[in-house]
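First comes the structure, then the notes that go with it.
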Amino acid sequence: MEPSTGIDWLTLLAIAGTATVTIFLLRRLMRGMNQQDWILLRQTRSRGIDIKKPQAVDFVVFAATQETADELARLMREAHFETSMTVAQIAYTRKNKAGEAQDGWLVKGTRELLLTPEELIRQRKFLTEIAEARKAAYLGWQVGFAKDAKPVPAPLSSR
């Protein structure tokens, strides 16, 4: 009997099947989730933060005026966020081209929650709706370092 030199179709089929199932499961998990949230969630896990435990999460909204920022902070407090505001200047980037800087206010709302796709979707929906209704912009969220987490060092840049 001669050794087979052809492709092992069974192995190839198993690899293709595994890849298909993995893609299906990831898409199902991410269903309805914003790409930014998905990336931030992965980065949070890679920093050593246990996303199976409630975390203090900072959500940030940008408002052009102090009056709008005050209103957003009030609505966020009513939804059980602890809020703070700071004067800020941001510039939106479109197609890798920075826009003009815009003065305004950052409203930070902090609350403790589980970092699940469903919860992140719910928070994004709420904050986007209240921001857009007032011509403001929801910018995203972040989690601080857990007390026992060690930051992942940045890769060394090639010279």
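Within region 95-105, identify whether any single residue is farther than 15 Å from residue 141 by Cβ, touching a residue at least 40 places away in the same chain (Cβ under 8 Å) and open to solvent by less than 40 Å² (accessible area, probe 1.4 Å), and answer yes or no. Yes: one or more hits.
Restricted to region 58-75, and to residues there that are more than 21 Å from the chain's Cα centre (by Cα) and of a type outside the set (Gly, Ala, Ser), the residue that is most open to solvent (accessible area, probe 1.4 Å) is 67. Test residue 86 against the criterion of being surrounded by fewer than 15 Cβ atoms within 10 Å (Cβ to Cβ) and either among the β-branched types (Val, Ile, Thr) or in contact with a helix residue (DSSP H, G or I) (Cβ under 9 Å, 6 or more places away or on another chain) (or both), and give yes or no. Criteria met by residue 86.
Residue pairs whose Cβ atoms lie under 7 Å apart, separated by 6 or more positions or on different chains, with the first residue in region 38-62 and without any contact (Cβ under 8 Å) to a residue 40 or more places away in the chain and the second of a type in the set (A, V, I, L, M, F, W, C) and part of a loop (DSSP other than H, G, I, E, B), are 45/51. In region 81-94, the residues that are on the phi < 0 side of the Ramachandran plot reach residues that are open to solvent by less than 70 Å² (accessible area, probe 1.4 Å) and part of a loop (DSSP other than H, G, I, E, B) with C-beta atoms within less than 9 angstrom, at least six apart or across chains, in these pairs: 89/101; 90/101; 91/99; 91/101; 92/99; 93/99.
The set of residues from region 40-80 being modelled with pLDDT under 95 and on the phi > 0 side of the Ramachandran plot comprises just one member, 48.
Considering only region 68-75, I want to know if a residue exists there that is under 24 Å from residue 114 (Cβ atoms) and of a type in the set (S, T, N, Q). Within region 68-75, none of the residues are under 24 Å from residue 114 (Cβ atoms) and of a type in the set (S, T, N, Q). Scanning region 1-39 for residues that are open to solvent by 80 Å² or more (accessible area, probe 1.4 Å), modelled with pLDDT of 70 or more and among the charged types (D, E, K, R) turns up just one, 8.
Could you please give the count of residues in region 66-113 that are small (Gly, Ala, Ser) and over 17 Å from residue 129 (Cβ atoms)? Quick ask: steps written out before the conclusion?
The initial filter retains those residues of region 66-113 that are small (Gly, Ala, Ser), namely 69, 73, 79, 84, 88, 91, 98-99, 101, 104, 109.
Still in the running and over 17 Å from residue 129 (Cβ atoms): 84, 88, 91, 98-99, 101, 104.
Looking only at that region, the number is 7.
The values are calculated or read from the model by the stated rules, or taken from the named source; none is laboratory data. Computed from a predicted model, the values in this text were never measured in an experiment. As a convention, Cβ positions derive from the backbone with ideal geometry for all residues, glycine included, and neighbour counts pool all protein chains shown. What goes into the accessible areas is simple: the full protein's heavy atoms, side chains included, and nothing from ligands, DNA or RNA. Shrake-Rupley method; radii C 1.70, N 1.55, O 1.52, S 1.80 Å.
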